[in-house]
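Values quoted throughout were computed directly from the atomic coordinates according to the rules given, and no laboratory measurement underlies them. Note that the structure is a prediction, hence the values are computed from the model and not measured. Here the Cβ is made from the backbone with ideal geometry for all residues, glycine too, and neighbour counts use every protein chain on show.
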Amino acid sequence: MKLSTRGRYGLKAMFQLALHYGEGPIPLKYVADEQNLSESYLEQLFSTLRKEGLLNSVRGAQGGYMLSRAPEEITVGNILRVLEGNLAPSDCVIDEEFECEKEDKCVTKLVWVKIRDSIDEVVDSITLKDMVDDQINMKSKL
């Protein structure tokens, strides 16, 4: 599985907002500049994240974006699923309605299920707060 720029950039941007959680709205331009991302592309991602309830936006001169919940309440999985969709490695393990004539004898499906479950376990166990804490620890070691 390889994430698209939507997932990678969206996670970077959400991390940037987590770094400033509690400071009020953060301008889109600031997030884009800090993470070296396209402001117009980021605007599209933030629109999706806002519609799905992960971000709040404030209009006006002092406006910007902020997390809708505390960083410890938003997981990497929440963000990636909004921007990427299901993270399963194969269609046969995404949808219960997917029909395959060889499903009863398909050993590879068992592999895909294990991969899907492992990915879900990892991305759902990491919060934005964990990422912020990791950043703090990395800087303290320099």
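Structure summary
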quantity	calculated
Loop-located GluC sites (Glu not before Pro) in the range 1-62 whose Cβ has at most 11 other Cβ within 10 Å (DSSP)	GLU23
Nearest-ten-degree value, helix 128-140 long axis tilted from longest Cα axis of the chain	60 degrees
CD proxy at 222 nm, helix term only [per DSSP H run n ≥ 4: -39500 (n - 2.57); per residue of the chain; nearest 500]	-17000 deg cm²/dmol
0 to 90° range, to nearest 10: angle between helix 39-51 axis and the chain longest Cα axis	70 degrees
Charge-dipole axis of the chain as Lys and Arg at +1 and Asp and Glu at -1 on Cβ define it, positive-most pick from VAL58, ASN36, VAL82	ASN36
Net charge of Cβ neighbours under 12 Å - reference VAL132; Lys, Arg +1; Asp, Glu -1	-2
Using distinct alpha-carbon pairs, which all enter the 1/r mean, Kirkwood radius of the range 5-140 in Å	16.4 Å
Net length gained if the chain between LEU3 and LYS139 were fully extended (0.36 nm per residue, minus Cα distance)	46.3 nm
Angle in degrees between helix 5-19 and the longest Cα principal axis of the chain, rounded to the nearest 10	40 degrees
Alpha-carbon Rg/Rh ratio, for the range 1-83, with Rh computed the Kirkwood way	0.93
